[in-house]
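Shown next, in structure tokens, is the structure this report addresses.
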Amino acid sequence: MRVNYLFIFLFVVLFYLTGGSRGIDVTQPILPYGVEPYSTSGTCEFNFYLLLDNDFSATFDGIRAMACSLSATATNPMHDSINCNNVTPIYVNSTHVYLIVYSTVEVDTYLDIYLSLSISKGMRVVELRDINKEKIQYTCQAPPTYNNWFVSGTETRLVNTSFQLSTNRFQNYITIDKVFTRPLPEGYFYSSEASIKLKFTYITPQVYLMDYQFDITSTDKIPTTLNIMATSGTFTTIENPLARLAYTSLDVDAIQIFNFDNLPYMGTVLYYRSQTKMFPSLNVDFTPYSLTDTAILYFKSKDQTQIKIQVNNKFDSYGPETKQASPTGPSLDVGYMATERFALTSIATRARISFYSDYLAEPFYWYYPYGVVLSGGNRGTNISFPIVLPDSPSAVFVHYGKPEPYTTPLVISTQTETNLPYLKGYTLSVLDETTSVLQLEMGDDSGVYYASVNTSTSVFYVKMSHLVLGSSKMGKYEIYVPFKTATAFSVGIMDFQLNLKVYNYHLMNSEFGTPLLDQNIRSRIQSIEFSPNVGVNVESNGVDLQLFIGLNHTDVERDIVFVRVYLNPNIPTQTIYGVYDEKTNIYQFSPIRLPQNLMSAFLNYSVFINEQEISSDILMGMFGKSAELYVENKGNFDMMFPHVISFTPPQTNVVANGETELGWSFDFSDSFGIDTMIVGIAGDFDIRGQNFTCNGKGDKSYTCKVTYNISQEMCRSQTYFINYIYTNDTLGNQGEYVRESATSLHPLFIYENSLSTYDIVLVCPTSADETAPTIEELVMTQIGFEPYPIIQAKFSARDETPGINDQYTPVCFLTAINNQIISAPAKQTTITGFVRYQCEFANVPYGFGPYAVLSIFGLADKHYNFAKVIPVFTAHGNYTNEIMITQPTNPYIKSASSLEISSKKLILYGHNLLDTVVHIISKHPDSETLVIPDISTGSSLVLLDITPAYEYIIQVNHNTNKIVSNTIVLKGPLPLPSSSDDSSGSSDSMSPSPSPTPTTTPVVKKCGSDCGAPQGYGKCVNGGCVCNSPHSGIDCKSVIDTTPVITPDPVKPFVNVTIPGTNSGQTPKFISFVYVVALRELDNTDTLINNYVFNSDKWILVEGGSSKNEQVTTVQYKYVIDNLFNTTIVSTVQVFEKETNVTFGNQQLFMNPSTIKFTFNITSYPFSKSTNSLQLVINAALQSTEKVACSYKEFVDDQGNSQYLKLQIEDRSLFGRFIKFGMIDGREQVVSNSLLDNIYGGKELSKSTSDQSYIGLNIPYYNKYALLDPDFSVLVEQNTARDQANSICTSESKKLTNAQLAGIIVGGAVFIFIVVGLVIYLYTRNSSSTIAMKLRKIAK
């Protein structure tokens, strides 16, 4: 169904501009793919939109009951009467009706079409005309009878990708004659063979995708060829691809089948060994994980399935049927208690659960210790947690998602209000290339609970925390969305009484003017091409691809385009947004990362235009080979993680100190190389247990031995078991097992059904105490209000025997409406007979609450009895553990886009930004102004065309109450004026020329030097020197040294640089290294809050992210910090062999040969406060083999967009460039870099023959990720270190300049000559020896 956007636009204009005027009847036929398909059995569907005056007082219900008929003037008078099937209202008000009419017509041409509508209140006859008042004409056409319909066909191929194997299907594309101009009806093509079913998909009027499915129930032999039949009776012959792939030679006797629970399914793995390295043709679709000497294939199903393998062109049963999935997983004993403010749910389960309340499908995934109130017993762990209810709810539903979906209603009261919520209006403000602010104004009598915004691809939830103005009964809500104004979306609103109002695409279009889905969206793509555009070989290295797409009618202000590539279910799907190049009118997508060892196959991908998907199947049919993404790998295919292949029976030993040792031994295997194995052991009562890590060191097999020591005082009789296993290999393939909660393939699939035999039953000599610790007191207060609330909870716990378990750290949780849950670990403050704890929620998100309840979980004694600290009910209707959070009211700037490159656009992010102006103080040139934002929302402000300056001091002022926000300082695009300029920044050289127009004359930034321009070394650009290769450095006076041997460490982000000397020792050897040291959290006074010093043994080499080609060597590492979010630092090191341009953010960076570039990607971090920041510390060092030398160090700012570190010894230097911006949560944002030598050693770091420095890359507060990009190179300097004023030299060198050295050398030579002459004279004047006579001759 194609939608004409011109019609939609004009319809909306007419609808709103006429204000309900009469006489507007507009018809728009619904034409799939932009053209009506050929008829099916002599009839066509004739469907259309219709906009009418509502002059017969129609209602929604009235139109649903409306009788309709159609008449027309047809070529055949027998067809004048058209069958009107149905009328569906989209939008109805007192003045207009917008509806869809469904009808069928016979093969003919129809003119003068009239629609008659009749309801109880009257009748209306409408002549169908388009937006230009032209009469609608419609032709229903039969497919042409044409025997020579077939033109060409592509080679048939099995539908196999690294994401899914469908070896019982194959495909190809056929091209038919141009006599066919419309889509053909279903059934037009069919297979000549009963054993093969044929479906086809329309691509263009002449191109179709043909999909052939083997009938696995057929007992007939599958033919080597088959005929594609057309209804005309003619056919063409194609090849069955299995006939040319030697499937008859496969050794099917080597297949092993493993079944295991994948709740609510049954998982099945096929092990297959074959020298031919081929997958068998099977009757079900599998996910491929490995094809080495052994193939590992996986699928899951709820039903018993008989595996069939194609042998001798027939599907024969192999092995027993797979097991039936369990009707239920581990049982959930669910209960609840409820009041008007919150409900308490209780569950007994042995599985990891997830849940969400009502229909707000954003599940909370359980993690220890959330909800734990009791451990042990056959039913598993008792979990109880609160759900905060909306005001006056009629009912609440709790949905448990894992291990098996389960829903329970919590009945609160009967429904008292049935009025539907409503959408009053919306705005969509585009901020940048990938993000917009969607504002919905919604209301309801009982209150808006939440809303969902739905595109054809995604769902976004609007919750109470997104309220920026008003109340739940009438308010404005805002969320960030990754689409722009050309995207169609629907809105569903639910109120507190669970009344639901849905605004579908058509209703949103008719009432608010949003676009409809474009059913012919594929036609907008004009070109597509991958680079490299031939088979991509991933046998030995991963590959980065680029994709280029050209669209027609491109509007970058309205359109957004992204691509997803589907590699394997075990690999997260990449989403890459396109960047539009105005010069070429092309969208560019990069990089698309293909990891090493993917399977040889065509990869599936999809292009999304305004959230509408076009699959690679369609694109390959439209554009042929340029749209193909084919991966070549003649070696081993490996997406499989390390898995357990054998166990050693567990052992129990009692050692001398009374401790009990529980031991397990696991044999892991991986076809490429094992990196890390984590084994978790837990008990019936000891539910937290302990995780143990083994390092596989890249071996293909490894035995991981685990010993769990239990002290006498913490011994409690119980069963200990394998609770968790995580593995990854050197390619980055990861697997995870969670006890009784597996939903996919995992490392224990071979043994899951027999795991209980590897449990250890621990019997302790004394009986356990079963009394949980008691809470003596609990006080909760709000101690901070702006810019974010700070909530503090203090409590005391007592347990006389056996005592508080200090290995179990309690965690406090605050719960608010809409499934909002935040946590804070408890810290012990004092221990005096009982333990005092304090939790501080230092970063309560804006909009959280305002009503919230406190729970405390994980407080246990040494026998694993858990204290139950959850909200409770009292007889008087009062509740403990409750708090009403006072929300921030002041405007607050959380972050801002960068102005350092350009001041054309500034985006401020924060909260309480409605009804504000921006106060800007500019420095150099100096000015002060109040600016009305060009775009103003509650969470973002956009200002355009800010006057260029060196620096800006920015505040947000509220228009009504005059409250001002915090202050931020941003660096601008102009350089700092030199000392010769007027200090006010008003000199002519630094200020825009006077002009009667508001256009600012561009100001040329000054550099600190001439950049070697007279010698052709470089030039000054935007305040920084841009050097011509091989020149480099701050002033382009240095030269790139291409002789260093650069060696990235194989296991950690440590790069060793060796600058060779000569064998004679005349030229010294230099050694340098660059290393990542630590991640530090700082508050806004630069006080250290947390310091994570990296352990070099815990870095993990990511082989899938490492590669090498003639241009660049790439090595990738990762490090996981043990914090609440498991923050991960991915460090990518690239060593460039040739000159290369790379892109970071919106900048092009030039890389010289022998340049080392680091890219740091840091995932979410649990900041203690939103005003805190992170600092990534890098150590750089340079050392010489010279015993006598001078060193020099400087850290400078070029007034452009970079800062530089130079470590110099004699004439060699290690030169580091630190860009002053990073990608923070996907947005370009200013970052700074700091010299940290005072913290890490001060003057002791600098010696005459060696020097080192510590640089801190300062990262502002963020939510999702931060991306940073420094680089280093070795330079040959024009001036040696001894020529620098502040250099450090060995005592022998006297620290003299070259001029001084020259004078000393010349003077010394003369002095020596005089002394030598005097010695000769005195020695020889009276001597007659031969030596004396020769010396006298020399003296003469």
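The values are calculated or read from the model by the stated rules, or taken from the named source; none is laboratory data. Note that the structure is a prediction, hence the values are computed from the model and not measured. Because the Cβ atoms are built from the backbone with ideal geometry, glycine has one as well, and the counts that use them run over all protein chains shown. For the accessible areas, the whole protein counts, side chains as well, though only heavy atoms, and no ligand, DNA or RNA atoms are used. Shrake-Rupley method; radii C 1.70, N 1.55, O 1.52, S 1.80 Å.
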**OP:** Looking only at segment 440-447, decide whether some residue is assigned to a strand (DSSP E or B), in contact (Cβ under 8 Å) with a residue 12 or more places away in the chain and closer than 30 Å to Asn552 by Cβ.
**Re:** no
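A quick yes/no check of all residues on (1) of a type in the set (Val, Ile, Thr); (2) over 17 Å from Cys1190 (Cα atoms); (3) touching a helix residue (DSSP H, G or I) at 6+ places or on another chain (Cβ under 6 Å):
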position: Ile1255; (1), (2), (3): yes, yes, no
position: Asn1258; (1), (2), (3): no, yes, no
position: Leu1268; (1), (2), (3): no, yes, no
position: Ile1288; (1), (2), (3): yes, no, no
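Would you check which residues across segment 773-793 are surrounded by fewer than 21 Cβ atoms within 10 Å (Cβ to Cβ) and either farther than 30 Å from Arg716 by Cβ or small (Gly, Ala, Ser) (or both) and list them?
Matches in segment 773-793: Val779, Met780, Thr781, Gln782, Ile783, Gly784, Phe785, Glu786, Pro787, Ile790, Gln792.
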Original post:
Within segment 662-720, how many residues turn out to be among the acidic types (Asp, Glu) and without any contact (Cβ under 8 Å) to a residue 40 or more places away in the chain?
Top reply: 2
**OP:** Kindly indicate the residue of segment 938-956 that is in contact with a Pro (Cβ under 7 Å, 6 or more places away or on another chain) and either among the β-branched types (Val, Ile, Thr) or over 15 Å from His911 (Cα atoms) (or both) and also surrounded by the fewest Cβ atoms within 10 Å (Cβ to Cβ) among those meeting that condition.
**Re:** Val942
Original post:
Considering only residues of segment 623-677 that are aliphatic (A, V, I, L, M) and under 30 Å from the mean Cα position of the chain (by Cα), which is nearest to Gly535 (Cα to Cα)?
Top reply: Val631
Subject >> Pair list, Cβ under 8 Å, 6 or more apart: segment 956-974 residue under 20 Å from Ile935 (Cα atoms), other residue among the aliphatic types (A, V, I, L, M) and not in a strand (DSSP E or B) >> reply: Val956/Leu913; Asn957/Ile963; Leu970/Leu899
Subject >> Residues (buried (at least 21 other Cβ atoms within 10 Å of the Cβ), more than 16 Å from Leu1257 (Cα to Cα) and at pLDDT 85 or above) located in segment 1190-1205 >> reply: Cys1190, Ser1191, Tyr1192, Lys1193
Subject >> Residues located in segment 37-46, provided they are part of a loop (DSSP other than H, G, I, E, B) and open to solvent by 20 Å² or more (accessible area, probe 1.4 Å) >> reply: Pro37, Ser41, Gly42
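Give the residue, chosen from Phe749, Phe685, that is touching a strand residue (DSSP E or B) at 6+ places or on another chain (Cβ under 6 Å), open to solvent by 30 Å² or more (accessible area, probe 1.4 Å) and not in a strand (DSSP E or B).
Phe685
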Original post:
From Leu282, Leu270, Leu297, which residue is under 31 Å from the mean Cα position of the chain (by Cα) and among the hydrophobic types (A, V, I, L, M, F, W, C)?
Top reply: Leu297
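Quick one: in segment 207-232, of everything that is among the acidic types (Asp, Glu) and in contact (Cβ under 8 Å) with a residue 24 or more places away in the chain, which residue is most open to solvent (accessible area, probe 1.4 Å)?
Looking at the filtered set, the residue picked out is Asp220.
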Original post:
Looking at segment 461-471, is at least one residue under 19 Å from Gly938 (Cα atoms), modelled with pLDDT of 95 or more and open to solvent by 50 Å² or more (accessible area, probe 1.4 Å)?
Top reply: no
**OP:** Only one of these is open to solvent by 30 Å² or more (accessible area, probe 1.4 Å), under 41 Å from the mean Cα position of the chain (by Cα) and modelled with pLDDT of 90 or more: Thr156, Thr175. Name it.
**Re:** Thr175
Subject >> Positions within segment 1120-1137 being farther than 23 Å from Val1274 by Cα and either in contact with a Gly (Cβ under 7 Å, 6 or more places away or on another chain) or free of Cβ contacts under 8 Å to residues at least 60 places away in the same chain (or both), in sequence order >> reply: Val1120, Ile1121, Asp1122, Asn1123, Phe1125, Asn1126, Thr1127, Thr1128, Ile1129, Val1130
Original post:
Which members of segment 965-977 meet the condition of being more than 35 Å from the chain's Cα centre (by Cα) and open to solvent by 10 Å² or more (accessible area, probe 1.4 Å)?
Top reply: Leu976, Pro977
Original post:
Can you name the residue in segment 722-732 that is in contact with an Asp or Glu (Cβ under 7 Å, 6 or more places away or on another chain) and open to solvent by 10 Å² or more (accessible area, probe 1.4 Å) and, of all such residues, is nearest to Ile687 (Cα to Cα)?
Top reply: Tyr726
**OP:** Mind listing whichever residues of segment 1040-1060 are surrounded by 14 or more Cβ atoms within 10 Å (Cβ to Cβ), over 16 Å from Ser1131 (Cα atoms) and of a type outside the set (S, T, N, Q)?
**Re:** Ile1040, Asp1041, Pro1044, Ile1046, Val1057, Ile1059
Subject >> Residue list for segment 178-206, restricted to those being part of a loop (DSSP other than H, G, I, E, B), aliphatic (A, V, I, L, M) and either open to solvent by less than 40 Å² (accessible area, probe 1.4 Å) or free of Cβ contacts under 8 Å to residues at least 24 places away in the same chain (or both) >> reply: Leu184
**OP:** Mind listing just one residue for me: the one in segment 1072-1092 that is farther than 22 Å from Lys1169 by Cβ and touching a Leu at 6+ places or on another chain (Cβ under 9 Å) and, of those, most open to solvent (accessible area, probe 1.4 Å)?
**Re:** Phe1073
Subject >> Per-region count, segment 647-682, residues hydroxyl-bearing (Ser, Thr, Tyr), under 18 Å from Asp729 (Cβ atoms) and in a strand (DSSP E or B) >> reply: 2
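Each row is one residue, and each column tells you yes or no for (1) open to solvent by less than 20 Å² (accessible area, probe 1.4 Å); (2) modelled with pLDDT of 95 or more; (3) more than 30 Å from Thr809 (Cβ to Cβ).
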| site | (1), (2), (3) |
| --- | --- |
| Ile870 | yes, no, no |
| Ala896 | yes, no, yes |
| Leu930 | no, no, yes |
| His958 | no, no, yes |
Subject >> Qualifying residue in segment 97-106 (condition: within 16 Å of Ile30 (Cβ to Cβ), under 45 Å from the mean Cα position of the chain (by Cα), at pLDDT 90 or above and among the polar types (S, T, N, Q)) >> reply: no
**OP:** Starting from residues that are of a type in the set (S, T, N, Q) and outside any loop (DSSP other than H, G, I, E, B), keep the ones in segment 453-511 and report whichever is nearest to Ala361 (Cα to Cα).
**Re:** Asn454
Original post:
Does Gln596 satisfy being touching a helix residue (DSSP H, G or I) at 6+ places or on another chain (Cβ under 9 Å) and modelled with pLDDT under 90?
Top reply: yes
Original post:
Exactly one of (1) at pLDDT 85 or above; (2) more than 20 Å from Ser626 (Cβ to Cβ) is unmet by Asn570. Its number?
Top reply: (1)
**OP:** Show the residue pairs that are 6+ apart or on different chains and have beta-carbon atoms under 8 Å apart, the first residue being within segment 128-142 and more than 8 Å from Thr27 (Cα to Cα) and charged (D, E, K, R), the second being assigned to a loop (DSSP other than H, G, I, E, B) and at pLDDT below 95.
**Re:** Lys135/Leu128
